[in-house]
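Shown next, in structure tokens, is the structure this report addresses.
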Amino acid sequence: MTTLEFKNVTKIYNVRGFGQIKALDEVSFTLRSHQTIGLVGQSGSGKSTIAKILTQLETPTRGEVLLDGAPIPRGGKGLRKYRQQLRMVFQDPFASLNPYHSIRHHIERPLRLDKVVPRDQLDDEVRRLLLRVRLEPDAVMERRPHELSGGQRQRVAIARALASRPSLLVADEPVSMLDVSIRLGVLNLLADLQREEGLGVLYITHDLATARHFSDEIMVLNQGKVVERGTADDVILHPHDPYTQELRAASPDPEEFFRDRSARTLGGVR
Ligand SMILES: Nc1ncnc2c1ncn2[C@@H]1O[C@H](COP(=O)(O)OP(=O)(O)O)[C@@H](O)[C@H]1O
Ligand SMILES: [Mg+2]
């Protein structure tokens with residue numbers, strides 16, 4: 001069991017010629033393996049700042065991040081171990097893969113860095129990971145990212161994230177840049193992997209409907225503050241905060257959304 005604690009984190013950006021932007025205001029939550037937390041909020045509410053702090057692209061102005069009770073080491077083996085345990089899937093499947101490298105290279109890299117398997121098993125492991133995300137290894141391994149569709153690329157990004165056998169995964173709007181018709185397939189894949197691997201997932205989205213469907217708990221962020229949290233059903237069905245009520249009114253009814261989707265899937269329109 002892995003436990004990640006985000007404790008009273010405040011993040012202030014200093015913007016030259018503008019002043020200060022408080023992107024996060026005393027945000028706290030705990031993410032454990034085997035659990036999905038949906039982090040919901042409109043654009044600019046601070047969601048990606050949380051992801052950036054978790055992946056150490058940014059540091060908190062105040063507050064701390066603890067893994068199994070200990071602060072994240074600043075370097076050395078401890079930091080490498082943290083990075084192996086917490087992996088990230090980014091929003092943009094076009095920007096997150098290197099255009100010059102094959103799919104095989106992308107997945108082999110973390111396998112080599114984290115010494116996940118002996119060298120003579122690299123090929124097998126790459127194939128296993130691609131199958132895990134429902135890609136045909138022989139069809140994609142030697143290709144470069146531009147030869148793949150957005151959905152296929154995002155599956156590669158997920159396979160790469162899983163390569164190091166993490167216990168936690170942060171997915172920052174993982175389907176918002178994909179065609180609407182393939183979003184549900186990628187989300188279902190993430191949900192299957194979460195269950196099968198016992199992952200703790202922070203699912204970041206501006207979409208309440210998918211957050212409810214794919215999360216155990218939901219946390220609503222508004223202007224850097226957590227304004228609501230609870231079980232997914234509670235937050236959606238009985239929102240206390242006016243902002244959540246507004247969000248809910250603005251997004252399609254979750255029940256309708258999925259009834260509609262599955263009806264269309266059954267109808268054969270993908
Ligand atoms: N590097 C940065 N420098 C200055 N301001 C930033 C930076 N990154 C984000 N912000 C600001 O912080 C706030 C939260 O941004 P972000 O975390 O990206 O929100 P979200 O992912 O919910 O859209 C926004 O007001 C944004 O403009
Ligand atoms: Mg964002």
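Roughly speaking, what % of Cα-Cα pairs in the stretch 1-138 are separated by over 19 Å, rounded to a whole number?
Every Cα pair in the stretch 1-138 considered, those over 19 Å come to 63 percent.
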Query - Inter-part distance where the stretch 160-200 and the stretch 58-121 are each reduced to a Cα centre, Å - result: 16
Requested in this report: When you have a sec, figure out the Kirkwood radius of the stretch 134-210 from all distinct Cα pair distances and drop it here in Å to one decimal?
Outcome: 13.3
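Report the convex hull volume per residue for the stretch 85-163, counting only C-alpha atoms, in Å³.
84
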Query raised in the report: Could you give me the ³J(HN,Hα) list for the stretch 83-94, computed from phi with Karplus coefficients 6.51, -1.76, 1.60 and θ = phi - 60°, whole Hz, x at Gly and Pro?
Result: 5, 6, 7, 10, 10, 10, 10, 8, 5, 9, x, 7
**Report entry** Spin-label pair Val117/Thr61, simplified geometry with 7 Å Cα→Cβ offset, distance in nm
**Finding:** 4.6
Query - Expected-Rg normalisation [2.2 N^0.38 Å, Cα atoms] applied to the stretch 58-213 - result: 1.06
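Based on other C-beta atoms within 10 Å, arrange Asp120, Asp207 from fewest to most.
Exposure proxy ranking, most exposed first: Asp120, Asp207.
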Requested in this report: Would you mind telling me the antiparallel percentage of the DSSP bridges in the chain, rounded to 5?
Outcome: 55
Report summary line: For the stretch 145-151, Karplus-derived ³J(HN,Hα) couplings (6.51, -1.76, 1.60; θ = phi - 60°; whole Hz; x for glycine and proline) come out as x, 5, 7, 10, 6, x, x
Query raised in the report: Order of Tyr203, Tyr243 from fewest to most other C-beta atoms within 10 Å?
Result: Tyr243, Tyr203
Query raised in the report: Tell me, what are the semi-axes, in whole angstrom and largest first, of the equivalent ellipsoid of the chain as set by the roots of 5 times the Cα gyration tensor eigenvalues?
Result: 29, 25, 17
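No lab work stands behind these numbers, since they all come straight from the coordinates. Computed from a predicted model, the values in this text were never measured in an experiment. No Cβ is skipped: glycine too gets one built from the backbone with ideal geometry, and neighbour counts run over all protein chains shown.
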